[in-house]
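Written out below as structure tokens is the structure these notes cover.
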Amino acid sequence: MSEIKQWDETYVADTYARFPVCLTKGSGAQLWDEDGKSYIDMGSGIGVSTFGISDEVWVKAVTEQLTQLTHTSNLYYTKPCAELAKMLCEKTGMKKVFFANSGAEANECAIKAARKYAAKTLGEDHFYIITLEGSFHGRTITTLAATGQDVFHEQFQPLTPGFVYAKPGDLRHMEELLDKYPCAAVMLEPVQGEGGVCALDFDYLRGVQQAAHRHGALLIVDEVQCGNGRTGTLYAYEQSGLSPDIVTTAKGLGGGLPIGAVLFAEKTANVYTKGDHGSTFGGNPVCCAGAVSVLQRLDEAFLESVRKKAEFIRKELENAPGILSVSGLGLMIGLETQKDAAQVIAECREQGMLVLKAKNKVRLLPPLNIPQEQLEKAVQVLKNACAPTTM
Ligand SMILES: *Cc1c(COP(=O)(O)O)cnc(C)c1O
């Protein structure tokens with residue numbers, strides 16, 4: 001590969017195991033590398049490019065804002081920030097929004113809010129936050145502590161104290177922990193993404209909410225990956241009828257630009273007061289204009305098309321040779337494969353398709369507007385890559 005790879009390996013901190021592909025441009029659900037090879041994009045930049053790459057409507061919204069006003073700081077009012085907050089609240093029934101720049105930052109903000117709320121309502125000893133084993137909440141020292149996977153904790157001790165981990169799906173274990181620890185909140189992903197694309201049982205989710213509220217603890221729902229139409233509803237929690245006290249989101253919200261958001265329901269709407277929290281870049285006009293454009297298009301008709309596509313791809317892949325199980329919700333899909341996931345991913349790449357990994361599974365997060373024709377092609381490539389080689 002060109003000198004780009006050499007520069008990157010010499011000068012970029014060595015935190016990423018990159019695939020041997022240097023991408024140069026994209027259009028919709030298609031990407032090209034520097035040799036002109038094209039790929040179907042079944043990862044959308046880890047669930048970020050909601051409407052694919054360089055989507056016309058989105059580009060127009062973003063470039064119009066770019067030529068008007070790029071950055072102001074939060075010392076001043078700007079329209080995209082206010083408009084996005086209004087849209088988020090009107091679409092969800094939540095009451096207030098804080099804007100961050102990433103998923104981890106959104107979760108940090110939610111955790112701080114829960115601690116402050118609990119200190120006031122329950123007492124300062126109620127600082128524990130229960131998260132789930134196999135969860136992923138971010139890479140900062142606090143969100144790493146929230147992440148219920150030991151592999152992420154090694155080498156970075158001491159992490160922020162006050163996090164305990166419940167077994168996902170085991171309501172009794174959750175209740176034990178709530179009895180044992182004075183808690184501020186329970187925090188969970190309705191569909192665990194990095195943990196292996198595992199959708200949590202709806203009854204379990206409702207049970208957790210009830211149990212948390214019985215103890216005066218808040219329910220924080222991390223929709224960083226599963227939110228913004230990904231699962232076929234605007235937010236995944238809607239499907240199980242939850243009414244969370246705090247919702248965090250990021251990845252797909254900006255459609256390709258960095259933005260995180262924390263949504264506060266009635267109870268928590270006024271936890272934060274002036275000076276409690278902040279972010280220089282938070283609510284950036286260009287990122288917010290991108291997010292407004294994304295949210296405007298996630299209407300009921302579009303979400304129905306997401307559900308249809310999800311149904312199609314799931315039906316095609318379930319019981320296909322070499323595919324042991326299909327997990328997740330909507331267009332957030334995990335495939336347990338007979339072959340090693342890494343091998344399937346490499347074969348897909350050779351055949352001109354980019355897919356992701358989550359634990360030992362192949363993970364699919366296609367752009368939500370991927371055309372049916374490309375989806376059918378993607379299914380074919382996947383089936384070929386997953387089929388056991390007969391020799
Ligand atoms: C990706 C992810 C995060 C972290 O988001 P960053 O933008 O990488 O900080 C947090 N929670 C979930 C569920 C995620 O999938």
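The values are calculated or read from the model by the stated rules, or taken from the named source; none is laboratory data. Keep in mind the model is a prediction, meaning the values are calculated, not measured. Neighbour counts are summed over all protein chains in view; Cβ atoms, including those assigned to glycine, are modelled from backbone coordinates with ideal geometry. Just so you know, the surface numbers come from the protein's heavy atoms only, side chains and all, with ligands and any DNA or RNA stripped out. Shrake-Rupley method; radii C 1.70, N 1.55, O 1.52, S 1.80 Å.
Which of the residues spanning the range 362-387 are surrounded by 23 or more Cβ atoms within 10 Å (Cβ to Cβ), basic (Lys, Arg) and more than 21 Å from the chain's Cα centre (by Cα)?
Passing the criteria: none in range.
Regarding Ala106, is this residue within 16 Å of the ligand (Cβ to nearest atom), among the small types (Gly, Ala, Ser), in contact with a helix residue (DSSP H, G or I) (Cβ under 6 Å, 6 or more places away or on another chain) and open to solvent by less than 20 Å² (accessible area, probe 1.4 Å)?
No: the conditions fail for Ala106.
Based on this model, can you work out whether Glu124 counts as open to solvent by less than 60 Å² (accessible area, probe 1.4 Å), under 16 Å from Val271 (Cβ atoms) and of a type in the set (D, E, K, R)?
Details: open to solvent by less than 60 Å² (accessible area, probe 1.4 Å): no; under 16 Å from Val271 (Cβ atoms): yes; of a type in the set (D, E, K, R): yes.
When the stated conditions are applied, Glu124 does not pass them.
Is there a residue being more than 8 Å from the ligand (Cβ to nearest atom), within 23 Å of Gln157 (Cβ to Cβ), at pLDDT 95 or above and of a type in the set (Val, Ile, Thr) anywhere in the range 113-128?
no
Can you list the helices (runs of 4 or more DSSP H) lying wholly within the range 1-108 that have 1 or more residues being within 24 Å of Asn369 (Cα to Cα) and free of Cβ contacts under 8 Å to residues at least 24 places away in the same chain?
Values: elements: 3-11, 44-47, 56-68, 79-92.
Passing ranges, in order: 56-68, 79-92.
Given the conditions (1) more than 20 Å from the chain's Cα centre (by Cα); (2) open to solvent by 10 Å² or more (accessible area, probe 1.4 Å), which single one is not true for Asp299?
It is condition (1) that Asp299 fails.
Would you confirm whether any residue within the range 302-323 is touching a strand residue (DSSP E or B) at 6+ places or on another chain (Cβ under 6 Å), more than 17 Å from Tyr39 (Cβ to Cβ) and of a type in the set (Val, Ile, Thr)?
yes
Filter the range 137-159 for residues that are open to solvent by less than 60 Å² (accessible area, probe 1.4 Å) and away from the ligand (no atom under 15 Å from the Cβ) and give the result.
Taking the range 137-159 as the starting set, the residues that turn out to be open to solvent by less than 60 Å² (accessible area, probe 1.4 Å) are 137-138, 140, 142-149, 152-153, 159.
Answer for the range 137-159, where residues must be open to solvent by less than 60 Å² (accessible area, probe 1.4 Å) and away from the ligand (no atom under 15 Å from the Cβ): His153, Leu159.
Can you pull out every residue in the range 222-261 that is open to solvent by 10 Å² or more (accessible area, probe 1.4 Å) and either part of a helix (DSSP H, G or I) or of a type in the set (Lys, Arg) (or both)?
Tyr237, Glu238, Gln239, Lys251
When you scan the range 191-202, do you find a residue that is near the ligand (Cβ under 10 Å from one of its atoms), touching a helix residue (DSSP H, G or I) at 6+ places or on another chain (Cβ under 6 Å), open to solvent by less than 10 Å² (accessible area, probe 1.4 Å) and closer than 30 Å to Ala342 by Cα, even just one?
Yes, some residue in the range 191-202 is near the ligand (Cβ under 10 Å from one of its atoms), touching a helix residue (DSSP H, G or I) at 6+ places or on another chain (Cβ under 6 Å), open to solvent by less than 10 Å² (accessible area, probe 1.4 Å) and closer than 30 Å to Ala342 by Cα.
Considering each residue of the range 64-84, count those that are in contact with a helix residue (DSSP H, G or I) (Cβ under 9 Å, 6 or more places away or on another chain) and surrounded by fewer than 21 Cβ atoms within 10 Å (Cβ to Cβ), and give that number.
Residues that pass the stated criteria total 12.
Within the range 288-391, considering only helices (runs of 4 or more DSSP H) that don't extend past its boundaries, which have at least 3 residues that are in contact with a Phe, Trp or Tyr (Cβ under 6 Å, 6 or more places away or on another chain) and more than 26 Å from Lys60 (Cα to Cα)?
Values: elements: 300-317, 341-350, 372-386.
Answer list for the range 288-391: none.
Only residues that are modelled with pLDDT of 95 or more, in a helix (DSSP H, G or I) and more than 18 Å from Ile220 (Cβ to Cβ): list them for the range 149-172, please.
Correct list: Arg172 only.
Looking at Met87, Met94, which one is at pLDDT 95 or above, among the aliphatic types (A, V, I, L, M), in contact with a Phe, Trp or Tyr (Cβ under 8 Å, 6 or more places away or on another chain) and under 30 Å from Leu242 (Cβ atoms)?
None of the others qualify; the one that does is Met94.
Might you check whether a residue that is out of contact with any Asp or Glu (no Cβ under 9 Å at 6 or more places or on another chain), of a type in the set (A, V, I, L, M) and at positive phi occurs anywhere in the range 143-164?
Checked the range 143-164: no residue is out of contact with any Asp or Glu (no Cβ under 9 Å at 6 or more places or on another chain), of a type in the set (A, V, I, L, M) and at positive phi.
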